[in-house]
1. Bin width 10 Å, origin at 0, all Cα-Cα pairs of chain A: what percent of pairs per bin?
2. Got a sec? How would A:93, B:76, B:29 order by Cβ neighbour count within 10 Å, fewest to most?
3. Got the residue A:15 label distances to the other copies yet, label 7 Å along Cα→Cβ, in nm, shortest first?
4. Can you tell which of B:43, B:78, B:68 shows the greatest fluctuation in a Gaussian network model of chain B with Cα springs below 10 Å?
5. The protein assembly as shown: D in µm²/s via Stokes-Einstein (Kirkwood Rh, Cα pairs, 25 °C, 0.890 mPa s)?
6. Measuring nothing but label to label, 7 Å from Cα along Cα→Cβ, what are residue B:83's distances to the other copies in nm, shortest first?
7. Can you give me the angle between helix A:19-31 and the longest principal axis of chain A, using Cα atoms only, in degrees from 0 to 90, rounded to the nearest 10?
8. Would you compute, from DSSP H runs of 4+ residues alone, the mean residue ellipticity of chain B at 222 nm, taking -39500 (n - 2.57) per run and dividing by the full residue count, rounded to the nearest 500?
């Protein structure tokens, strides 16, 4: 069975589920030999993304560090053609 | 009148008010010659902190950059002595 490539992007998109669902997803990726896991969120899920990263590091994997955090803005179009902006976050975690 | 020291810490704490209140606070600090403004938030206000940083940069001050973003966890004690954790964020903005 081929191993996971270290260059492969491993991303967990944060939605409306409880944080522990996403924590488990991140831990599973690291246990599957991912070197870097990207936690991405938009809008109000951004707070939950930070919760997920903190819970992974503080409660489960002390050898995981924050490599970098990037924020941004996306332009979205609503159902009625209205345009609006939403903030984004990308938290990169690495296992040392 | 003494000028603002560049080493003085300029922090805007994000609460429950509309984002534009905090955007105005950040812009005011930069117009008062602050070189670095720190936007801090806890819990669900974290999403709003990212909104504030993005709005400042995209709509008002294109010469403001994100210098760094640090996340953390604080232990708080509730009214009944119960302890709980809350995530924190600190977004450092600099004017070039």
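None of the figures in this text is laboratory data; all of them are computed from the coordinates on show. Remember, it's a predicted structure, so these values are computed and weren't measured experimentally. All Cβ positions, glycine included, derive from the backbone under ideal geometry; neighbour counts span all protein chains shown.
1. 16, 45, 26, 10, 2
2. Fewest to most other Cβ atoms nearby, the residues stand as B:76, B:29, A:93.
3. Relative to the other copies, residue A:15 has label-point distances of 3.6 nm.
4. Comparing B:43, B:78, B:68 in a Gaussian network model of chain B, the most mobile one is B:78.
5. Estimated via Stokes-Einstein, D reaches 137 µm²/s.
6. 5.0
7. That works out to roughly 40 degrees.
8. The per-residue figure over chain B is -8000 deg cm²/dmol.
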